[in-house]
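The values are calculated or read from the model by the stated rules, or taken from the named source; none is laboratory data. What you see is a predicted model, and the numbers here were worked out from it, not measured in a lab. All Cβ positions, even for glycine, are placed from backbone atoms using ideal geometry, and neighbour counts span all protein chains on display.
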Amino acid sequence: MAQFLHGHLRDTGTARGYLRAHWELLSGRLPRLWRPEERGYRLLRPGAWAHASATVAEPEAVTAPALIGPRAFVARGARVGRGAVIGADAVIDPWAHIVGSVLGDGCRVARGATLRRAILGPSCRLEYECHVMQDVIIGDHAVIRAGTVVAPGARVPAGATWP
């Protein structure tokens with residue numbers, strides 16, 4: 001006998017699909033799947049959440065929808081834009097700007113670095129004033145050197161130092 005499942009299916013096998021899945025959760029379209037208040041998150045403003053253990057120096061610099069994970073630190077002058085997900089223990093330095101990107105746990109984004117619709121694996125490090133463009137995937141523990149521009153669609157292998 002056939003049985004129907006009720007829920008939501010999203011292909012996350014591409015950078016776009018993965019980012020879209022996060023956007024759908026963040027935007028509140030799937031309230032049965034994701035309730036941040038039940039997981040220790042506090043509301044910074046409608047649609048913008050930070051874990052109770054996170055430090056956000058300027059909550060007004062976080063644009064909804066966005067999520068900042070446990071023990072993360074967002075410095076004064078940093079901007080977390082629409083669709084950003086910041087993992088646990090991540091550090092976002094002053095003047096960094098993150099929009100529509102997902103950062104794994106333990107990432108470090110240095111002063112003046114920018115990310116736009118990119119995915120960073122755990123423990124990545126973006127050095128001073130580097131720029132990561134859309135649809136980029138950076139593997140775990142990779143380092144992007146100061147001043148580097150990572151072109152749209154690029155893939156940086158895990159553990160690599162780029163360039």
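Regarding segment 119-131, can at least one residue be identified that is in contact (Cβ under 8 Å) with a residue 40 or more places away in the chain and either at positive phi or among the polar types (S, T, N, Q) (or both)? Within segment 119-131, not a single residue is in contact (Cβ under 8 Å) with a residue 40 or more places away in the chain and either at positive phi or among the polar types (S, T, N, Q) (or both). The residues on offer are Ser53, Ser27, and the sole one that is farther than 28 Å from Val156 by Cα, modelled with pLDDT of 90 or more and of a type in the set (S, T, N, Q) is Ser53.
Within segment 97-108, restricting attention to residues that are free of Cβ contacts under 8 Å to residues at least 24 places away in the same chain and crowded, with 22+ Cβ neighbours inside 10 Å, the residue that is farthest from the chain's Cα centre (by Cα) is Cys107. Evaluating His22 against the criteria (1) modelled with pLDDT under 95; (2) under 20 Å from Cys124 (Cβ atoms); (3) surrounded by fewer than 20 Cβ atoms within 10 Å (Cβ to Cβ) leaves one unmet condition, (3). In the set Gly77, Gly87, which member is modelled with pLDDT of 95 or more and closer than 20 Å to Gly139 by Cβ? After applying the criteria, what remains is Gly87. Here His141 meets the list (1) out of contact with any helix residue (DSSP H, G or I) (no Cβ under 8 Å at 6 or more places or on another chain); (2) crowded, with 22+ Cβ neighbours inside 10 Å; (3) over 21 Å from Leu44 (Cβ atoms) almost entirely, failing just condition (2).
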